[in-house]
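So the structure is just underneath, and the comments pick up after that.
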Amino acid sequence: SIKANFLMSPPLVVAFAIAGRVDIDVDKDPIGLGRDGKPVYLRDIWPTGEELNEALATAADTAMYQRNYGHDLTRDAREWNEMYLIAQGVRTEDFNSYGARRGNHEVMVRGTFANVRIKNLMVPGVEGGVTIVDGRQMPIYDAAMQYQQRGTPLMIFAGHEYGTGSSRDWAAKGTMLLGVRAVVAKSFERIHRSNLVMMGVLPCQFKEGTDATSLKLDGSETFDLLGLESGLSPRQDVRLLIHRSSGATEEVKLTIRIDTPIEVEYYKHGGILPYVLRQILGMA
């Protein structure tokens, strides 16, 4: 029933719930009747700015913010001095948000995997967008640039519903620009899986009962993805060859999460943009 879904603000959800229907114009139509039997309009119950400020004052807990975020706000100043915007001469008060800078790929690619709460199992006990390269801990962006200089393509290993909360296009664009060529997860969030394909990143799914933990992956391994040499079809099986630091190898089957024939075409062309451009050039 996707066509029956609506996107609206929480206050409007309450207003329509009071009305009991959504096919009304809340600017003109009443949402109900008062105790006196007279119509009540949304404007009659909408809070004033003063009422909102009064409610916020009772709900805000300064101590909670200091407790939860105080450490982040006082972290080592050297870390802030390495940020891209500062290096470009942007003042801290002008940083704005990633969303406001979505047209600048240099900013957005640095924001990929930069969430302060992200957890990388290669760096246990640490939160934030960091990883390990040659025994050194560093930001994921810096690590990705090192691997690009070496000509090493990257793979991500993840758990259930990979990409949940990250269905915006830049979540997949940034992944591709970091040099990631495949994501192996236990399952995928629907839109993000599609966006990965659109960006030319191969989504692969573990078979039931297999994951990074059961395979005892620790980040020291290298990998080969086998089975695409003779072609690609929706949801076909491929083989992941694991090369461990001890010299041992192990092979497991994965399912390619390219689900439709048109997605196969997008991926073969390196993503939807190269596909469309080649279609246009072919018509010229």
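In table form, for the structure just shown:
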quantity: Any hit, region 31-45, residues being modelled with pLDDT of 90 or more, open to solvent by 90 Å² or more (accessible area, probe 1.4 Å) and aliphatic (A, V, I, L, M); calculated: yes
quantity: Residue count, region 238-248 (criterion: surrounded by 12 or more Cβ atoms within 10 Å (Cβ to Cβ) and without any contact (Cβ under 8 Å) to a residue 24 or more places away in the chain); calculated: 3
quantity: Pairs, first without any contact (Cβ under 8 Å) to a residue 24 or more places away in the chain in region 258-284, second in a loop (DSSP other than H, G, I, E, B) and not aromatic (Phe, Trp, Tyr), C-beta under 7 Å, six or more apart; calculated: Tyr275/His269; Arg278/His269
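The values are calculated or read from the model by the stated rules, or taken from the named source; none is laboratory data. Please read these numbers as outputs of a predicted model, since none were measured by experiment. So basically every Cβ, Gly included, is an ideal-geometry build from the backbone, and we count neighbours across all protein chains shown. In case anyone asks, the SASA skips ligands and DNA or RNA and just uses the protein heavy atoms, side chains included. Shrake-Rupley method; radii C 1.70, N 1.55, O 1.52, S 1.80 Å.
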